[in-house]
Amino acid sequence: MKFSEEFRDKELIQELARRLQALAPGPATLMEVCGTHTMAVARFGLKMLLPPSVRLISGPGCPVCVTAQKDLDGFLALGEVPNVVLTTFGDMIRVPGSRTSLDRLRATGVPVQIVYSPFDAVELARQTPEREFVFFGVGFETTMPATALAIQTAASAGLTNFSVFCVHKTMPAALRALVGSPELRVSGLLLPGHVSTIVGAASYDFIPREFHLPCAVAGFEPLDILLGVEALLRQIKSGSPQVANTYRRAVAAPANPRAQEILAEVFEAADAEWRGLGAIPGSGVRLRSRYAAFDARQKFAAVLSQVPPPVANPCRCGDVLRGLLSPADCPLFRKTCSPSQPLGPCMVSSEGACAAAYRYGG
Amino acid sequence: MCLAIPMKIIAIDGTIATTEVDGVTRQARLDLLPEANLGDYVLVHAGLAISRIDEADAAETLDLLRKLADEIQ
Ligand code: SF4
């Protein structure tokens, strides 16, 4: 695979790892914000290549994991509406809600359709006008433009049987809340490469400026990640934090202008509830009133107002997502919680820290 | 979930591209990348091309990696 294999060169990986040993400062904890990084780090065994004094911890960048229980319960409740077909990315299927999950609903005969993209959900709605299709809009800025375009497509096709249950979240606002929290003890942030293709590397400039925290935007191949870590260690050593862009081949400093236009046309900023982080002002989006007909929260407001509050759950994903607990230290890890019997989203999602620790060792 | 895969554009029809990697093809919308051309590599995520991969920047990063590796020899 071009642009992947070159960045998996074993010899270069070894040499870069040696360079990291030479650069290692005193103890340093680096947070990989993005779940895709968490998975790549585990899969390629990168933790073993890092200097012993450098610790990598996972952060809140797995959209499946940070989806609040209340939002998941709301989407699940729509499965009980006659004629509704729930459409979702496959990652959400097994996440336990308070009372059920998408796969359990499906087993009882509720139509739940996994789609590769929101465009597929719109296409299903177009082909089957007698049914009502609701898409679970989960994801950060990487995914938001696809949802926005799907809504525009449905609108221009005049569809009345398609809507989005929007739980999209925005990364820079969440990072501000995260780095501003006194409990966070990290010395650098490895920032999400694919979110950054949309928001631009410059959108994180406030982090070194206001919080004096080193940052590196990194890609997802082993060499990309090590290069990101190298940039962080170098900044820690020199004491001059900045936002290093080590994923230049895909990320520019400014935001993608087309994406910004499309997002602004369809969405407006809204407060959002994050699992673990709680409510963060301005860290989510809702559909603008001109697209209200495609907003599942409005279309099904009566049903949603009847959803009981979430049931408390012993899962500690919330702490894992804030970098306060490593999966292996959760008392339920491997005991009552495993990928076949997940108690929380961090064990379900292929990018969840608990799933990664289970599969590849923590 | 933010996984995006580098794929080559092998056909363009309006704003929809056919992209290919390792013999697998996928449709990807090009709304975010009006400048994308046939033969370009783009990152594809959930049916949308989210970024064009710059070959020169990729080569530069690989050069930098080799240079860093040499420095410690
Ligand atoms: S191990 Fe299971 S119960 Fe513990 S935090 Fe992870 S997902 Fe939740």
**Request:** Please go through segment A:209-255 and pick out each residue that is over 30 Å from A:Leu149 (Cα atoms), in contact (Cβ under 8 Å) with a residue 12 or more places away in the chain and in a loop (DSSP other than H, G, I, E, B).
**Result:** A:His212, A:Leu213, A:Pro214, A:Pro241, A:Gln242
**Request:** For residues that are outside any helix (DSSP H, G or I) and within 14 Å of chain B (Cβ to nearest Cβ), scanning just segment A:326-362, find the one that is nearest to the ligand (Cβ to nearest atom).
**Result:** A:Gly352
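A quick yes/no check of all residues on (1) more than 7 Å from chain A (Cβ to nearest Cβ); (2) under 30 Å from A:Ala231 (Cα atoms):
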site	(1), (2)
B:Asp13	yes, no
B:Gln27	yes, no
B:Leu33	yes, yes
B:Leu64	yes, yes
B:Leu68	no, yes
**Asked** Does segment A:73-89 include one or more residues that are within 14 Å of chain B (Cβ to nearest Cβ), closer than 20 Å to A:Ala355 by Cβ and either surrounded by 19 or more Cβ atoms within 10 Å (Cβ to Cβ) or under 23 Å from the mean Cα position of the chain (by Cα) (or both)?
**Response** yes
**Item:** Where a residue in segment A:336-349 is under 16 Å from A:Trp274 (Cα atoms) and its partner, wherever it lies, is hydroxyl-bearing (Ser, Thr, Tyr), with Cβ under 7 Å and at least six apart
**Value:** A:Pro345/A:Thr67
**Message:** Can you confirm whether A:Arg258 is within 14 Å of chain B (Cβ to nearest Cβ), in contact with a helix residue (DSSP H, G or I) (Cβ under 9 Å, 6 or more places away or on another chain) and not in a loop (DSSP other than H, G, I, E, B)?
**Reply:** yes
**Prompt:** Given the structure, is A:Arg297 under 21 Å from A:Ala356 (Cα atoms) and not polar (S, T, N, Q)?
**Reply:** no
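The rows are residues; the columns are (1) modelled with pLDDT under 95; (2) buried (at least 18 other Cβ atoms within 10 Å of the Cβ).
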residue: A:Phe162; (1), (2): no, yes
residue: A:Pro182; (1), (2): yes, no
residue: A:Arg185; (1), (2): yes, no
residue: A:Gly188; (1), (2): no, yes
residue: A:Leu191; (1), (2): no, yes
residue: A:Val199; (1), (2): no, yes
residue: A:Glu210; (1), (2): no, no
**Message:** Taking the criterion of being under 30 Å from B:Ala58 (Cβ atoms), more than 16 Å from the ligand (Cβ to nearest atom), within 14 Å of chain B (Cβ to nearest Cβ) and among the small types (Gly, Ala, Ser), would at least one residue in segment A:263-270 satisfy it?
**Reply:** no
**Asked** Out of segment A:275-295, which residues are under 19 Å from the mean Cα position of the chain (by Cα) and more than 24 Å from A:Ala218 (Cα to Cα)?
**Response** A:Arg275, A:Gly276, A:Gly278, A:Ala279, A:Ile280, A:Pro281, A:Gly282, A:Val285, A:Arg286
**Complete:** Filtering helices (runs of 4 or more DSSP H) wholly in segment A:1-97 for at least 1 residues that are small (Gly, Ala, Ser) and out of contact with any Gly (no Cβ under 7 Å at 6 or more places or on another chain) gives A:10-23, A:35-43, A:69-77
**Asked** Is there a residue being touching a helix residue (DSSP H, G or I) at 6+ places or on another chain (Cβ under 6 Å) and more than 17 Å from A:Thr170 (Cα to Cα) anywhere in segment A:123-134?
**Response** yes
**Request:** For residues that are touching a residue at least 40 places away in the same chain (Cβ under 8 Å) and away from chain B (no Cβ under 14 Å), tally how many sit in segment A:17-38.
**Result:** 5
**Message:** Are there strands (runs of 3 or more DSSP E) fully within segment A:119-207 with at least 3 residues that are touching a Lys or Arg at 6+ places or on another chain (Cβ under 8 Å)? List them.
**Reply:** A:162-166
**Request:** Restrict the check to segment A:39-49 and report whether at least one residue is facing chain B (nearest Cβ under 9 Å) and within 30 Å of A:Ala177 (Cβ to Cβ).
**Result:** yes
**Item:** Condition met for A:Val110 (in a strand (DSSP E or B), surrounded by fewer than 23 Cβ atoms within 10 Å (Cβ to Cβ) and in contact with a helix residue (DSSP H, G or I) (Cβ under 8 Å, 6 or more places away or on another chain))
**Value:** no
**Item:** Cβ pairs under 6 Å, 6+ apart, first in segment A:1-16 and more than 7 Å from chain B (Cβ to nearest Cβ), second of a type outside the set (Val, Ile, Thr) and part of a helix (DSSP H, G or I)
**Value:** A:Phe7/A:Leu223; A:Phe7/A:Asp224; A:Arg8/A:Pro222; A:Ile13/A:Pro222
**Message:** With the requirement that a residue be surrounded by fewer than 13 Cβ atoms within 10 Å (Cβ to Cβ) and either within 16 Å of the ligand (Cβ to nearest atom) or in a helix (DSSP H, G or I) (or both), what does segment A:290-318 give you?
**Reply:** A:Arg290, A:Ala301, A:Ala302, A:Val311, A:Ala312, A:Pro314
**Request:** Residue by residue through segment A:270-289, note down the ones that are among the small types (Gly, Ala, Ser), within 24 Å of A:Gly352 (Cβ to Cβ) and not in a strand (DSSP E or B).
**Result:** A:Gly276
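The values are calculated or read from the model by the stated rules, or taken from the named source; none is laboratory data. The model shown is predicted, which means the values in this text are computed figures rather than measured ones. Here the Cβ is made from the backbone with ideal geometry for all residues, glycine too, and neighbour counts use every protein chain on show.
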